[in-house]
1. Looking at region B:26-49 only, could you name the residues that are without any contact (Cβ under 8 Å) to a residue 24 or more places away in the chain and either under 12 Å from residue A:213 (Cα atoms) or at the interface with chain A (Cβ under 8 Å from one of its Cβ atoms) (or both)?
2. Does residue B:209 qualify as being in a loop (DSSP other than H, G, I, E, B), over 30 Å from residue B:88 (Cβ atoms), out of contact with any strand residue (DSSP E or B) (no Cβ under 8 Å at 6 or more places or on another chain) and touching a residue at least 24 places away in the same chain (Cβ under 8 Å)?
3. If only one of A:142, A:138, A:161 is crowded, with 23+ Cβ neighbours inside 10 Å, at pLDDT below 95 and touching a helix residue (DSSP H, G or I) at 6+ places or on another chain (Cβ under 6 Å), which one is it?
4. When residue A:205 is evaluated against the numbered criteria (1) within 12 Å of chain B (Cβ to nearest Cβ); (2) farther than 19 Å from residue A:270 by Cα; (3) surrounded by fewer than 23 Cβ atoms within 10 Å (Cβ to Cβ), which criterion, by number, is the only one it fails?
5. Do we have residue A:201 as within 16 Å of residue B:238 (Cα to Cα) and part of a helix (DSSP H, G or I) here?
6. Is at least one residue of region A:313-320 over 28 Å from residue A:147 (Cα atoms), in a loop (DSSP other than H, G, I, E, B) and within 14 Å of the chain's Cα centre (by Cα)?
7. Look at region B:137-159 and say how many of its residues are in contact with a helix residue (DSSP H, G or I) (Cβ under 7 Å, 6 or more places away or on another chain) and either within 14 Å of chain A (Cβ to nearest Cβ) or not in a loop (DSSP other than H, G, I, E, B) (or both).
């Protein structure tokens, strides 16, 4: 009897809250955010964008930095549950081992939203996951290049990410899909640059030597902007003009690639948006206030930026985000 | 046991290995040995091998001295990140480049001294003592750069990484000069002998009157200094300090270069120029893989296969086998 009374009371209060809160959006809500850490510039930007979005919406964001450790994330999530937060955002550091703590959150009726990485757990344990489509990122880059070169013969060299990493596999596959329809565009060399500037430069130096000093290369496609920045320097060292003699297309949209665009040395980049929290907050707003269950996978936009898109403005806008 | 004639030196397996790797590169890419003159500097794949091999070669010069004392320095990669980060942050704050370079090199000296103190005064095993800085050092570097890649446009720092002197890339010039000075220092004075004595038996060396503590402090500090130079080079090369990736795993390449060069991890006999040859073998292999057109999944497999082959050729068993074959051939009358 007691339990039923309690349940009724909770339901009553819940109904009351939802009717009053609907007009207020997420203002005053407490949301916990368990971030992986700050292993890359993009991650730091994601953290600062999430905090800014939360402030804009009037959310009381509880931030926990896990320093690359799953046990810290699990501890943080348990802490959020104990505090009775309204929702939890998690950027999971690994794919496995989440069932137990997510079940605890589910039992406490706290919706969990995954950011930018998926996990291997039953889908009913989390509300939704917000992530980019890495295959699409590669495809957008490939389609841009096909549109850019027209009917001209175009030999592409590819700087892959770390061998076996999912962005490297997916961005390669996507680019190949993007150029599949154009017989005049082909990848002639492909090597890993480990997502770093110095490796990107070293690999590009090798490519330029192997292809007659770069005369045979029409474009370079890099799986991230950092490798592209390294490749741009290698192209300059070889006495060619990046952006003109050899087209440069890459993925991520970090500030330094916009600086290269301003200098006319890069041609296109596909954005991996650090704003994963925006769509997550929108989904939570709809769920908490109107009970709308969002789709299980929310895909962020893979926006293409070229020198026509105000690179100086983009550079200034991103510089302060912690990239 | 010690063969000293010139012919024996040139017949060392390291030179054979380097020649073999270069030959394979030439087979894979016929233009490998082509060198052209461009923008006031030499330009070609062989120059790339020298240029890209320079940071590891410089690390290997310092590492040779450490390994000769039966030690090892795992922290050099992290020290590279620290030195690059310090220099980049200082010049982007407006400090004159000369001061920034001096401070970055001093940071390397301090890091090396720290390792030396842990090894000598606290008697911690070198692999553990330097592991501390390997892990913590990268964190320090990230703290200095606040986690982002600090870019700069300072001409001096860029010159250290990408400039050229007499047509040769600056990193190559720096590595060559450092190799020459270090070799002269250990071979034209008693320093080399003292290092070998400490490496063979530290207590015996002490009883013989060698101040082994001072000597150990010196070699670890020197290794830190070499790492700082390497760090400046890789930062100048990409015009930015990347604390997450600069020098990552390069301590292992440096140790490998020393071992390929024939210096034993058990201390004692060592050769700085041979360690540099070891570094060039590794880089020739890396460059070969890049221009070969193999898919990157094979990179590490090819690399490890070649290294195993080189180490087998250098093993005492192979040396015995070759010696037996040559004596047998000499006995056969013709």
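1. Result: B:31, B:34, B:35, B:36, B:38, B:39, B:43, B:44.
2. In short, no.
3. Values: A:142 fails: at pLDDT below 95; A:138 fails: at pLDDT below 95.
Sole residue among the options that is crowded, with 23+ Cβ neighbours inside 10 Å, at pLDDT below 95 and touching a helix residue (DSSP H, G or I) at 6+ places or on another chain (Cβ under 6 Å): A:161.
4. In the conditions (1) within 12 Å of chain B (Cβ to nearest Cβ); (2) farther than 19 Å from residue A:270 by Cα; (3) surrounded by fewer than 23 Cβ atoms within 10 Å (Cβ to Cβ), residue A:205 misses (3) alone.
5. So residue A:201 passes the test.
6. No, every residue in region A:313-320 fails to be over 28 Å from residue A:147 (Cα atoms), in a loop (DSSP other than H, G, I, E, B) and within 14 Å of the chain's Cα centre (by Cα).
7. Qualifying residue count, region B:137-159: 16.
Listed here are the residues, each with its yes/no results for (1) in contact with a helix residue (DSSP H, G or I) (Cβ under 9 Å, 6 or more places away or on another chain); (2) crowded, with 20+ Cβ neighbours inside 10 Å; (3) part of a helix (DSSP H, G or I).
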{"position": "B:161", "(1), (2), (3)": "yes, yes, yes"}
{"position": "B:177", "(1), (2), (3)": "no, no, yes"}
{"position": "B:196", "(1), (2), (3)": "yes, no, yes"}
{"position": "B:199", "(1), (2), (3)": "yes, yes, yes"}
{"position": "B:214", "(1), (2), (3)": "yes, no, yes"}
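The values are calculated or read from the model by the stated rules, or taken from the named source; none is laboratory data. Keep in mind the model is a prediction, meaning the values are calculated, not measured. Heads up, the Cβs are rebuilt from the backbone with ideal geometry, glycines too, and the neighbour counts pull from every protein chain shown.
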